[in-house]
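The values are calculated or read from the model by the stated rules, or taken from the named source; none is laboratory data. No experiment lies behind these values; they were computed from the predicted model shown. Backbone-built Cβ (ideal geometry, glycine too); neighbour counts: all protein chains shown. SASA here: full protein model, heavy atoms, side chains in, ligands and nucleic acids out. Shrake-Rupley method; radii C 1.70, N 1.55, O 1.52, S 1.80 Å.
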Amino acid sequence: MNWADTGGGWSWNPVTDLQQIWAFPFMVNAFRAGTVVAVLAAVMGWFMVLRRQSFAGHTLAVVSFPGAACATLLGIGAGFGYFAFCVGGALVIAAIPRAGAGGGGQESALTGTVQAFLLACGFLFVALYKGFLGGVNSLLFGSFLGITTVQVAVLTVVAALALGVLAVIGRPLLFASVDEDVAAGRGVPVRALSVAFLVLLGAATAEASQITGTLLVFALLVMPAAAAQQLTARPASSLALSVVIAIAVTWTGLIAAYYSPYPIGFYVTTFAFAVYVLARTGRTLGRYRTVGAGAVA
């Protein structure tokens, strides 16, 4: 359904259009929840890209689908399934240490195994469900409908806790992410930090899945962070830029989804991809100009 049909459509006046959108309580909640999710996903995604654990993030995004399907089968809230399966999957992936020869390969193999098995379980749960499961598309591709004030509060609390923990471990985690061997030699608890980060990543994935859907949550985790790291190598600036990009694509995605019958996940992914392409193109052109200037000199 195109909800804009009830309010006269897009007027090309941003102030008027936002007032129209925010006249609906469910859209106010969608913007609140989307902002919370965008901030958490951007921060967690920035470390995820830096640590080269995008495959783990993708797997946790996929794992959220069987979690929601299992919760629906059991007759409980889908949110419980999101968090239980994402955090549980993160703990399983964390069982393989990354350090040492072959550590990365073992983690990738276990990650792929977890992804394939739990994705199959998700379709089994859907098949076992005897009622009408009309929300499968919402589980996979996201929806801004039906977000309650209570859900926004829960998302905010989870995000605050996750970001609080990340703020405490952020400096040593950054050190371990840049050079794990040197960090371990300096006494940094690399193993504990890796486990803690994966658990936080699982919580962030569970949060974002409730807005963007399980198939497209990866867009908020990886694309804003990847684009930001293309634009600047300074950690603080890159992290802040990642948050700005994530909020921007989430808000524009919500607005576009409001004025069309298509799911929000598609728009968030498209806008985030466009930003990454622009950032990558700009960096490539900057390199060419630098090389050209050096050749002339």
For residue 24 and residue 167 in one chain, what is 0.36 nm times their gap in residues minus the Cα-Cα distance, to one decimal in nm? 48.0 nm
Output ³J(HN,Hα) for region 66-72: one whole-Hz value per residue in order, computed from phi by the Karplus curve 6.51 cos²θ - 1.76 cosθ + 1.60 with θ = phi - 60°, and x for Gly and Pro. x, x, 5, 5, 5, 4, 5
Can you give the accessible area of residue 87, probe radius 1.4 Å, in Å² rounded to 10? 40 Å²
So if we plug the beta-carbon distance of residue 129 and residue 181 into 1/(1 + (r/R0)^6) with R0 = 51 Å, what FRET efficiency do we get, rounded to 0.05? 0.60
Sort 221-231, 182-192 for me by packing, meaning the mean count of neighbouring Cβ atoms within 10 Å per residue, highest on top. 221-231, 182-192
